Amino acid sequence: MHRSFSPVFALLSALLLACSATGALAARTLHTKSAPKAAPAIAAAQNTHIDGVRFVRLKNGLGVLVKEDGRFPLAHVRMLVHAGSAYETPAQAGISHQLEHMVFKGAGDMGPGEAARRVEAAGGSLNAATSFDYTVYYVEVPDASWRMAMQVVADMTFKPALVPAELESEKEVVLAELKRGEDTPSDLLFQTVQAMLWKGTSYGWPIIGYRDTVRSFTSQSIRDYIAPLYQPQNMVLCVVGKVKADEVIAWAEERLGGMANTAPLSPPTTLALAPSSGPQAKVLPGAWNKVHLALAFPAPDFRSAKMPGLDMLAQILGGDETSRLYRKFKYQLRLVDSIDATSFNLERGGVIGVWAVLDADKLPAFWDALVSELAAFDASSVTDEELARARANIEAGLFLSRETIGGLAGKLLHQYAFDGGQQAEANYLTQLAATNRAQLAALHREFFRPAEARLAVLAPKGAPVTEAALLKTLNTRWPAGAAAATAKAKAQGGAVRQVSLPGGATLVLQPDPTLPYAALSMAWPGGDGLLHADEQGLGALTASLLGRGTKSLSATRFEDFLSDRAAALSASSGSETFSLSAKYPSRFEADMLGLLREVLTAPALAGTELARAREDQLNAIKRGEDQPLGLLFRKLPGILFTSAPHAYLRLGDPQQVARFTRAQAAAFWKRQSAQPFVLSVCGQFDEAQVTRFAQELARILIPDGAAAAKARVPAWKPTHRTVLHLPERNQSHLLVVFKAPGRADQDTTARLSLLRAALAGQSGLLFRDMRDKQGLGYTVTAFLSQYREAGFLAFYIGTDPDKLGQAVEGFRKAAADLAATPLPEAELSRARNILSGDYYQERQALLARSREAAGAIVQGFDRDAELKLVEAAQKLGAEDVRKAAAEVLKWDEAILVEVAP
């Protein structure tokens, strides 16, 4: 079993407001995945100390942190300002986030959108994030452009233009973002808990602020906020990538060393929480399909020596599928869709708690049992295996944060900005290793106190959920003050190799010695293409069952096996392919290959697990339809196509899913696993061992004479407009779909990829016109989606309903202009660089590279087909792109899909 998205991860991401979340809070996010069999003794933890780090303070106090990393031809530059929403006054609530937006509207010699144009023109990307304690601005570019990236970040930080007219436009964008958060259950749930937990403090209001405070901001009020905080002595500049440390430090000294501090800094004030008056609960009825619940308690800040023990306690309680709460409430009692426990911390405080999603009719039984479980937690019952498993997964989360240069920069930046350097992590790991049952018991008594409980519940309208009833159960089952009830060989680097296997299968070997990890991906032709119309959703169900045990391993032992090795395994079924991936520390390679062999050749497909998987899939359908974009993309295949399998609902129709049997899943897997597969492995691995494994699998799985399933040509529905409805939401979401060729037409795909790059991004044509100029929505973009034999280019915007007509007209005009007028060379150069930059940025992770090769080959392309598309795009001219636009962007044939309130 594999949970890619959980309420905990959504909650953690709510702590950072940006188009893409990054940053220091991820430094202690737990690595949570699944498992089988009792594990052998876990090998000693890897040393996570990062060598070759340079850190200096310039004369004005600006910290400069550099790590030379030549793994990729990239440079990542980020500036951390020790100022976020916690440094605001009540009247300024949201001003840090508003400033973060405004730096993109002009800074230094850059006008509105110019920062994005410069960076993306070089093939890079940029963003910013606002947290409670800090704001960070960051740019990632091909290494040749590192000086430009540093200048852009410096100008954004020190020289925002704050033009009044641009501020008024961008305030509307922030208000649209605020509305979007209110439409998202996880965001709204966290904001509710946040206000209850930290009432009366600067941690108590949303990072994004409130409608009235956002509307009140002026250019002068933002400057007044900046003056005492945006000073060199309050910042750290970090550069990681293919750079020279001496050159970076010299640049910073020359360009930034002379900038003056204008006022003394005041250290952060102690966060004083009001004395507890007992547990509190808040119920928010709404148009939800599910109950979303958070039970939170105050916790210490990230410098506390108690954090390793609290992290371990949270991991044991609800860190992954092997945890106690998951096993009881999800696996055994089937009372929840998901349940997690986590601890996370800020500069002046933290939170530990439990987060769950479930059906409304199960809430009374679940709440009674959860409160009883937490009240009766007995640390003496924690096994050695649980302790070792928790340590392994926490260590893995810390270690894997360096996999990308952006992740490495975020890790180092937090360490040197807040923790005094890398020794803090070494201390953390030492404390983690020493944490024992007695410490867990003491931490549970200290922090899981019912008098401090803060409970927030989003409930469907009409559900019989009351604050009084919830508090009565809490006080009855867990009286305030009650104590707990009872006391191998590594690849050294080399060329990528492609090996032919029996039965038409293929093995791809991609050595990368950087990390002691390996990622393995398998892909088969088929997927939903092997299903009949009345089997929609069976592919997704079977994929889920592959992670729920084998004939020799129960589902729980399977979970234990993976978690003991800090490993992950997941499978998925697409319209034309089926895939399975695993990621694991290299020292567990033999164990993992043995497990994968068993998963593929002897999956349990057990009846009890089928029932659980069915229930999970039905719940996922409901949850998805709570989200505007979830509803849109669930319904989109049937809106666009009439033919199988492209018109299928990926998760199926609920009534069909409820009837699926073990025999159907077994029959599908027999058909699917017999297809010639592609196996791709990337990282540190034993080449001989992996090759033997792949050859053996091919002989076992693929019958003689097997022929690969062929991709079908999708049949489009006639041109039309479809309106989907989600009641009681703030925004409308519009998708304009233009029919396009599939990836088999590589020439057209290269032209369309270049066109999409010109349209998308913060400096893209659509963003600049419809967001920057017209202020129509927070997100405006274009994307290209392709099967082998057909695809589409789409425009998307989320906007207020009364602006929908203006958005439609904006898209219509953009399509007409692109078809009629060639793009300027500057726009084409930017688009070419974006394609190249995106290619390398997106393939830093081992799993991304293993999946790329497997996915390309199984569809009949070269393993580096995507790179060849990027290279082909570099040779295209303005007329090539205009012709592609004229062929595809035909407004009279466009399909408009709207999700309306």
- request: Considering each of E589, E615, E598, E559 in turn, give the residue that is part of a helix (DSSP H, G or I), under 26 Å from D864 (Cβ atoms), assigned by TED's automatic domain parsing to the domain that holds F677 and charged (D, E, K, R).
  value: E589
message: If I go through the range 314-349 residue by residue, how many of them are touching a Ser or Thr at 6+ places or on another chain (Cβ under 9 Å), crowded, with 24+ Cβ neighbours inside 10 Å and in a strand (DSSP E or B)?
response: 4
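If you check R743 against the conditions, is it of a type outside the set (A, V, I, L, M) and within 28 Å of R117 (Cβ to Cβ)?
no
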field: One residue from T476, T514 being in a loop (DSSP other than H, G, I, E, B), β-branched (V, I, T) and either at pLDDT below 95 or in the same structural domain as A360 (by TED's automatic domain parsing) (or both)
entry: T514
- prompt: How many of the residues in the range 387-400 are farther than 17 Å from F588 by Cβ and surrounded by fewer than 21 Cβ atoms within 10 Å (Cβ to Cβ)?
  reply: 1
task: Tell me, yes or no, whether the range 861-875 has at least one residue that is in contact with a Pro (Cβ under 9 Å, 6 or more places away or on another chain), surrounded by 21 or more Cβ atoms within 10 Å (Cβ to Cβ) and small (G, A, S).
output: no
- line: Counted residues in the range 147-194 being crowded, with 19+ Cβ neighbours inside 10 Å, acidic (D, E) and over 29 Å from the mean Cα position of the chain (by Cα) come to 1
task: Please report, ordered by residue number, the helices (runs of 4 or more DSSP H) entirely within the range 793-901 with at least 1 residues that are under 26 Å from the mean Cα position of the chain (by Cα) and among the polar types (S, T, N, Q).
output: 825-841, 846-858
field: Qualifying positions in the range 222-250 - out of contact with any strand residue (DSSP E or B) (no Cβ under 9 Å at 6 or more places or on another chain) and hydrophobic (A, V, I, L, M, F, W, C)
entry: A227, A250
message: Out of everything in the range 736-759 that is assigned to a strand (DSSP E or B) and out of contact with any Leu (no Cβ under 6 Å at 6 or more places or on another chain), what residue ends up being nearest to G630 (Cα to Cα)?
response: V737
query: If we keep just the residues of the range 96-121 that are in contact with a Gly (Cβ under 7 Å, 6 or more places away or on another chain) and small (G, A, S), which is farthest from E168 (Cα to Cα)?
result: A116
- prompt: Of these, K710, K670, which one is under 23 Å from R548 (Cα atoms), out of contact with any helix residue (DSSP H, G or I) (no Cβ under 6 Å at 6 or more places or on another chain) and not assigned by TED's automatic domain parsing to the domain that holds R849?
  reply: K670
- prompt: Mind checking whether some residue in the range 269-283 is assigned to a helix (DSSP H, G or I), among the small types (G, A, S) and modelled with pLDDT of 95 or more?
  reply: no
message: Can you pull out every residue in the range 815-842 that is surrounded by 21 or more Cβ atoms within 10 Å (Cβ to Cβ) and aliphatic (A, V, I, L, M)?
response: A815, L818, L823, L828, A831, I834, L835
message: Where the second residue is hydrophobic (A, V, I, L, M, F, W, C) and not in a loop (DSSP other than H, G, I, E, B) and the first is surrounded by 11 or more Cβ atoms within 10 Å (Cβ to Cβ) and lies in the range 257-270, which pairs have Cβ atoms under 8 Å and are six or more apart or on separate chains?
response: M259/F158; P268/A86
message: Being within 30 Å of K461 (Cβ to Cβ) and either modelled with pLDDT under 90 or outside any strand (DSSP E or B) (or both) narrows it down to one residue among Q220, Q194; which is it?
response: Q194
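The values are calculated or read from the model by the stated rules, or taken from the named source; none is laboratory data. Predicted model, so just to flag it, every value in this text is computed and none were measured. Using ideal geometry, Cβ is built from the backbone for each residue, glycine included, and neighbour counts are taken over all protein chains shown.
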